[in-house]
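Step one of this worksheet: look at the structure below.
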Amino acid sequence: MSERRVAGVELGGTKIIAVVAEGRTILARQQWPTGDDAAAVLGLVAAWLRQKQIEQAFEALGIASFGPLCLDRKSAEYGRILATPKPGWSGADVVGTLGGGLGLPVGWDTDVAGAACAEGQWGASVDCEVHVYLTIGTGIGGGVVIGGKPLHGALHPEIGHVRVRRAVGDRFAGICPFHGDCLEGLASGPAIAARAGQPAHAVPPDDPVWGLVVNEIAELMHMLILTISPQRIVIGGGVGYGQIHLLPRIRAATAACLQSYLPDHSIADFQQLIVHPTLGHEAGVFGAIALAQSLLGEKLL
């Protein structure tokens, strides 16, 4: 029996990708810059989805978006982006705009929760009961999956906005408009650019700024390991996945940060615990597909 057809939308800080897929096979794909005019770009995506529903009749829509998001179906704000550092997107009615008029079930979660689910189904976190997907790019966010389901509570994990110990003498104020020197304000792509005076992708591997970033990310690894005991932490995003020199340094810094506190976490163990996404830069897209499939019983999240 053929796999059922779904649509997915990955809404990221710099670009939006929409797809129609059967299983992991993508049948159609379109991309738009996210920009600062939420209503305008969401209108374009909605029009594309309506056209594809006519041409390639899909049965469900999954939306994996940057946050923070309202995931509480009882709330009047359900389906909207909450107060976000991304200009023009606070309050954007994503589910209403993209799902309205389709007459189909809509799966709605953070982009990192979707990516975590996708890695759990098809990638680096297969067979892990507790695992994390962390993206380090335009922003920093993390999705936590426990027992096959994304972790939700009063909201959803906002890992990028935790505060970490700073290196002695580091006076960088941070760029987060809400918290200044939270992790996102210190180690996201724009924060690295502000520190280094050039785009993050152009900063050479031996620049001292990377040492600060590595130590700050290791502080987060320390917290995650000691609080939720994950079997896998997948690090993606334009910085996390794009700067290949960072991963071994993050592993070593995490081991140093833990100071041999946990006997089951040796240097060798960190090579299996902290990894890059098997699905690469497509983890978010497949996350949106996974959210849609879960509504049809194709995958259990």
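A quick yes/no check of all residues on (1) within 27 Å of PRO190 (Cβ to Cβ); (2) without any contact (Cβ under 8 Å) to a residue 24 or more places away in the chain; (3) part of a helix (DSSP H, G or I); (4) in contact with an Asp or Glu (Cβ under 9 Å, 6 or more places away or on another chain):
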residue: VAL9; (1), (2), (3), (4): yes, no, no, no
residue: ALA18; (1), (2), (3), (4): yes, no, no, yes
residue: GLN30; (1), (2), (3), (4): yes, yes, no, no
residue: GLN51; (1), (2), (3), (4): no, yes, yes, no
residue: ILE63; (1), (2), (3), (4): yes, no, no, yes
residue: GLY67; (1), (2), (3), (4): yes, no, no, yes
residue: LYS74; (1), (2), (3), (4): no, yes, no, no
### Task
Name the one entry in ASP111, ASP37 that is in contact with a Ser or Thr (Cβ under 9 Å, 6 or more places away or on another chain), of a type outside the set (A, V, I, L, M, F, W, C) and touching a residue at least 40 places away in the same chain (Cβ under 8 Å).
ASP111
### Query
When the residues of the range 26-55 are filtered to those that are closer than 16 Å to PHE66 by Cβ and among the small types (Gly, Ala, Ser), which remaining residue is modelled with the highest pLDDT?
ALA38
### Query
Name the pairs: first residue in the range 218-246 and modelled with pLDDT of 95 or more, second residue among the charged types (D, E, K, R) and assigned to a loop (DSSP other than H, G, I, E, B), Cβ to Cβ under 6 Å, at least 6 apart or on different chains?
GLU219/ARG165
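For every residue, the table says whether it meets (1) within 17 Å of ILE217 (Cα to Cα); (2) surrounded by 15 or more Cβ atoms within 10 Å (Cβ to Cβ); (3) more than 19 Å from the chain's Cα centre (by Cα); (4) among the hydroxyl-bearing types (Ser, Thr, Tyr).
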{"site": "ILE140", "(1), (2), (3), (4)": "yes, yes, no, no"}
{"site": "VAL144", "(1), (2), (3), (4)": "yes, yes, no, no"}
{"site": "LEU151", "(1), (2), (3), (4)": "no, yes, no, no"}
{"site": "VAL164", "(1), (2), (3), (4)": "yes, yes, yes, no"}
{"site": "GLY169", "(1), (2), (3), (4)": "no, no, yes, no"}
{"site": "GLY174", "(1), (2), (3), (4)": "yes, yes, yes, no"}
{"site": "PHE178", "(1), (2), (3), (4)": "no, no, yes, no"}
### Task
Give ILE250, ILE146, ILE244 a once-over and let me know the one that is in the same structural domain as LEU134 (by TED's automatic domain parsing) and within 27 Å of THR84 (Cα to Cα).
ILE146
## Note on the structure
In the range 253-283, residues that are of a type in the set (Ser, Thr, Tyr) and either within 24 Å of the chain's Cα centre (by Cα) or not assigned by TED's automatic domain parsing to the domain that holds GLY139 (or both) total 2
### Query
Of the residues GLY67, GLY79, GLY62, which single one is farther than 20 Å from PRO33 by Cα, under 18 Å from the mean Cα position of the chain (by Cα) and surrounded by 13 or more Cβ atoms within 10 Å (Cβ to Cβ)?
GLY79
### Task
Given the conditions (1) surrounded by fewer than 24 Cβ atoms within 10 Å (Cβ to Cβ); (2) closer than 18 Å to ILE235 by Cα, report the number of the one that ARG50 does not fulfil.
(2)
### Residue that is without any contact (Cβ under 8 Å) to a residue 40 or more places away in the chain, crowded, with 19+ Cβ neighbours inside 10 Å, out of contact with any helix residue (DSSP H, G or I) (no Cβ under 6 Å at 6 or more places or on another chain) and more than 30 Å from GLN231 (Cα to Cα), where the choices are GLY103, GLY91, GLY99
GLY99
### Message
I'd like to know if the range 155-163 contains one or more residues that are closer than 24 Å to TYR241 by Cα, touching a residue at least 60 places away in the same chain (Cβ under 8 Å) and out of contact with any helix residue (DSSP H, G or I) (no Cβ under 8 Å at 6 or more places or on another chain).
### Response
yes
### Task
Select from the range 203-242 the residues that are charged (D, E, K, R) and outside any helix (DSSP H, G or I) and write down the one among them that is surrounded by the fewest Cβ atoms within 10 Å (Cβ to Cβ).
ASP206
### Query
If the Cβ limit is 9 Å and pairs must be 6+ apart or interchain, which residue in the range 199-214 that is not assigned by TED's automatic domain parsing to the domain that holds ARG166 pairs with which residue that is aliphatic (A, V, I, L, M)?
none
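The values are calculated or read from the model by the stated rules, or taken from the named source; none is laboratory data. Note that the structure is predicted; figures quoted are calculated from it, not measured. Please note: Cβ atoms are built from the backbone with ideal geometry, for glycine as well, and neighbour counts cover all protein chains shown.
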